[in-house]
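Colleague: Shown below is the structure under consideration.
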Amino acid sequence: MRDSGWMQWRAYARRCAAAVVVLALFLAGAPAAQAAPSGEQLSTSVVTTPSHPWVLVNKTRPLNPLQFIPPDLVSWNGTGHVLRRGVSTAANQLFTAARAAGHSLEVVSGYRSYATQRDLYNYYVQIYGQAYADQISARPGYSEHQTGLAMDVGNVGGGCGLTACFGDTAGGRWVAANAHRFGFIVRYPQGYTHITGYTYEPWHLRYVGVALAIDMKSRAIPTMEQYFSLRPTIRSAADVLAADPGGALWNYPANGRGGLGARVKIGSSGWTGLKSGFIADWNSDGINDIVAQWNTGRLTVYRGKGSGGFLSPIIVGANGWQAMNITVGRWHNGHRYPGVVGTGADGTMVYYPNPGGGALGAPQRIGFGFQGMKLTMADFDNDRRQDLLVTRSTGELLLYRSDGAARFVPEPRRKLANGWNAIAQSHASFGFLGSGTRGLTAKAADGRLFHYSLGTNQFTGSRQVGSGWGPYSIFR
């Protein structure tokens, strides 16, 4: 929450902090807030258990009980700021990584008791009036700070502390780009006051665990309110979609433990004539969409609905796509929406940006000499830049690393494997073996389905996850 009156409250907070730490030592120890265990499926059901790291607290969802006290509060690094034990550990990891990147950050505010939040809220009402106080502070029992899972952060030295300009500082930008790696989200992002009820607070971080934070980041879901209200048809970045010979479309949900669950029909007809398909959040609304390349030459997008199902398709490329081998993803880190990389019959490789979440923009040539080669976009070296894995007709799998700005790193291509001419299709996959795992889902020419695990700059293993997929065209 905003602390524009924090200087007046600092002395009060220090008096309270000592008592809070002493109280924490007597509380029964519950498991520290932590990420979902490997393999646990993320749920979109609202969590109300106050000690759970996914508990949803906002203006209409108070804590229950209202005067809840977290079970494992500790003093953060011996200061007067108090957090839950697991959150404190994660905060230290975040700050250590920030220092390594050249940014010095600190906790400005952590846990607040019901009584402290009551007094702070009443102070804002007295100074600003209730309407404005409700935009910058929470009523007692409705505050994330009371969970022990929230912290306000700032630059050491106080530059832009607890004001919106923190988001424009180097430290603030680093936090926004990297907090999810340590289990935190920026809880009140810019432009979502109508959803969260609070003004933009780039300094207010909420711990939700690494699994949920990464899922929200990868799917570009900005708020917890939106995440827990969504019921999309394609829920996981590890699900496999397949079109059967009769034109029906099926979703095979990943179970997060290296397997697929029972298939669900999500399209009854009309999927014959498909050359290739991809799952991507085309308009960056946090909901997975389908990108379909047709033998008729068109490229279409079926936008997913938050309530499930898809909208009518939109044409994002009108003609000539049947002659191209393509892959879909965020090829340029500076672009908000995913685009398309493809090779034509003459071997020229081009990048089609997606400037507005709709039709494609003008193509940009990025290479040549790629005649007949199959493409897969994946972050092979785990540097948060999408690379290209290119399969030659001879079966060699080659790596072309990206610089994150729609160009290749100027270095020799690297051969990763032989025998990939037996692979008919391959696509990037996330979370197939559990939270945070990466890999490729690939269909072999003989109909077997494989998962190839990715570490950092190498394959770390493979497993067969199905057979009989020969007649099916898979999406990923």
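Condition check ((1) in contact with a strand residue (DSSP E or B) (Cβ under 8 Å, 6 or more places away or on another chain); (2) under 26 Å from residue 334 (Cα atoms); (3) modelled with pLDDT of 95 or more; (4) of a type in the set (Asp, Glu)) across all residues:
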| site | (1), (2), (3), (4) |
| --- | --- |
| 110 | yes, no, yes, no |
| 125 | no, no, no, no |
| 135 | no, no, no, no |
| 145 | yes, no, yes, no |
| 161 | yes, no, no, no |
| 168 | no, yes, no, yes |
| 180 | no, yes, yes, no |
| 194 | no, no, no, no |
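Colleague: Would you mind finding the one in 161, 172, 154, 141 that is assigned to a helix (DSSP H, G or I) and crowded, with 17+ Cβ neighbours inside 10 Å?
Modeller: 172
Colleague: Another question, then. Name the single residue that is surrounded by the fewest Cβ atoms within 10 Å (Cβ to Cβ) among those in segment 78-91 being under 25 Å from residue 47 (Cβ atoms) and polar (S, T, N, Q).
Modeller: For segment 78-91, the residue satisfying everything is 89.
Colleague: Let me ask something else about it. For segment 298-310, what are the residues that are farther than 17 Å from residue 237 by Cα, part of a loop (DSSP other than H, G, I, E, B) and either among the small types (Gly, Ala, Ser) or open to solvent by less than 20 Å² (accessible area, probe 1.4 Å) (or both)?
Modeller: 307
Colleague: Related question: Report, ordered by the first and then the second residue, all pairs with beta carbons closer than 6 Å, sequence separation of six or more or different chains, a first member in segment 216-233 that is closer than 18 Å to residue 289 by Cβ and of a type in the set (Lys, Arg), and a second member that is part of a loop (DSSP other than H, G, I, E, B) and open to solvent by less than 40 Å² (accessible area, probe 1.4 Å).
Modeller: Here the result reads 219/286; 231/308, each pair linking segment 216-233 to a residue that is part of a loop (DSSP other than H, G, I, E, B) and open to solvent by less than 40 Å² (accessible area, probe 1.4 Å).
Residue by residue, here is whether (1) buried (at least 20 other Cβ atoms within 10 Å of the Cβ); (2) without any contact (Cβ under 8 Å) to a residue 24 or more places away in the chain; (3) more than 30 Å from residue 210 (Cβ to Cβ) holds:
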site	(1), (2), (3)
97	no, no, no
101	no, no, no
104	no, no, no
109	yes, no, no
112	yes, no, no
126	no, yes, yes
130	no, yes, yes
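Colleague: OK, next. Among the residues of segment 370-379, are any of a type in the set (D, E, K, R), outside any loop (DSSP other than H, G, I, E, B) and more than 22 Å from residue 236 (Cβ to Cβ)?
Modeller: Yes, the conditions are met somewhere in segment 370-379.
Colleague: Just one of 51, 75 is over 17 Å from residue 143 (Cβ atoms) and either small (Gly, Ala, Ser) or open to solvent by 40 Å² or more (accessible area, probe 1.4 Å) (or both); which is it?
Modeller: Matching residue, one of 51, 75: 75.
Colleague: For segment 311-324, name all the residues that are farther than 19 Å from residue 266 by Cβ, in a loop (DSSP other than H, G, I, E, B) and touching a strand residue (DSSP E or B) at 6+ places or on another chain (Cβ under 7 Å).
Modeller: Hit for segment 311-324 is 324, nothing else.
Colleague: Mind checking which residues of segment 325-368 are open to solvent by 20 Å² or more (accessible area, probe 1.4 Å), hydroxyl-bearing (Ser, Thr, Tyr) and in a strand (DSSP E or B)?
Modeller: 352
Colleague: Taking segment 305-331 as the region of interest, how many residues are farther than 26 Å from residue 424 by Cβ and either of a type in the set (Gly, Ala, Ser) or touching a Ser or Thr at 6+ places or on another chain (Cβ under 9 Å) (or both)?
Modeller: 9
Colleague: For segment 276-297, indicate whether the set of residues that are free of Cβ contacts under 8 Å to residues at least 24 places away in the same chain, under 28 Å from residue 223 (Cβ atoms), in a loop (DSSP other than H, G, I, E, B) and of a type in the set (Ser, Thr, Tyr) is non-empty.
Modeller: Scanning segment 276-297, I find no residue that is free of Cβ contacts under 8 Å to residues at least 24 places away in the same chain, under 28 Å from residue 223 (Cβ atoms), in a loop (DSSP other than H, G, I, E, B) and of a type in the set (Ser, Thr, Tyr), so the answer is no.
Colleague: Please determine whether any residue of segment 384-393 is open to solvent by less than 10 Å² (accessible area, probe 1.4 Å), within 20 Å of residue 462 (Cα to Cα) and touching a residue at least 60 places away in the same chain (Cβ under 8 Å).
Modeller: There is at least one residue in segment 384-393 that is open to solvent by less than 10 Å² (accessible area, probe 1.4 Å), within 20 Å of residue 462 (Cα to Cα) and touching a residue at least 60 places away in the same chain (Cβ under 8 Å).
Colleague: Another question, if that's okay. List the number of the failed condition for residue 237; all other conditions in (1) of a type outside the set (Ser, Thr, Tyr); (2) open to solvent by 30 Å² or more (accessible area, probe 1.4 Å); (3) assigned to a loop (DSSP other than H, G, I, E, B); (4) under 27 Å from residue 435 (Cβ atoms) hold.
Modeller: It fails just one condition, (2).
The values are calculated or read from the model by the stated rules, or taken from the named source; none is laboratory data. Owing to the predicted nature of the structure, the values given are computational and were not obtained by experimental measurement. Every residue, glycine among them, receives a Cβ derived from its backbone with ideal geometry; neighbour counts consider all protein chains shown. Just so you know, the surface numbers come from the protein's heavy atoms only, side chains and all, with ligands and any DNA or RNA stripped out. Shrake-Rupley method; radii C 1.70, N 1.55, O 1.52, S 1.80 Å.
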